[in-house]
Amino acid sequence: MIRAFLKVAAVLLFVLLLISVVYYMKFRPDTDTRFGNLKELVSAVQKADNVVLYEGLPHPGHTPGLLDKELKSKRTVQIHGFPFYEESLQLKEADAKRLSELYCDPQSFKRFSGEKKCGGFHPDFCIEWHMGTTEYHVLICLGCYEIKSFGPKVELYCDVTDDARKQFKAVLTTYYKNRPKAGRPDD
């Protein structure tokens, strides 16, 4: 009797574990949200010897058809699964420094609070920091004010604080070049 009970309990435990793994895989964010990863990313960015900016294409849900039109008519690249205009934008030295300072300030970010009601994360810009041949990418959405940061061995998905929002926006929106005005976030 006890053996039968133990077998049933083991099977139920296995099924519960399997359900938990499937649930986690289905509903977890696609990028790591562990806020402790910020320290490693900041440490790398502080050592950068070059900063490059890429402009993102319009959000597919905000201006129907505009994303497809841009993808068909403009040269683009994919960075972490998102489309950006191929041409990198030359940052002014002061702006590159300011973006680095903002990113390296832990007060600029807060833990990911969950998906926003903006139609999903879609980056407006990608800030790319180089340390020799190593690259770190920060994709920032000016609509929902979330970032996805990627390094060779670490990543982070988090929210941008209200104060940092204004500062990122003040620098970045001066670099719109390719994206039509109708496809830019209004905030």
### Query
Counting residues that are under 29 Å from Arg75 (Cα atoms) and free of Cβ contacts under 8 Å to residues at least 40 places away in the same chain, which strands (runs of 3 or more DSSP E) fully inside the range 92-187 reach at least 2?
134-141, 146-150
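Per-residue answers, yes or no, for (1) of a type outside the set (A, V, I, L, M, F, W, C); (2) crowded, with 20+ Cβ neighbours inside 10 Å:
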| site | (1), (2) |
| --- | --- |
| Phe112 | no, no |
| Cys118 | no, no |
| Pro123 | yes, yes |
| Gly132 | yes, no |
| Leu139 | no, yes |
| Cys158 | no, yes |
| Thr161 | yes, no |
| Lys166 | yes, no |
| Ala182 | no, no |
### Summary
Of those in the range 140-178 that are β-branched (Val, Ile, Thr) and farther than 20 Å from Ser88 by Cβ, the residue modelled with the lowest pLDDT is Val154
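The values are calculated or read from the model by the stated rules, or taken from the named source; none is laboratory data. Bear in mind the structure is a predicted one, so any value in this text is a computation, not a measurement. Positions of Cβ are backbone-derived with ideal geometry, glycine not excepted, and every protein chain shown enters the neighbour counts.
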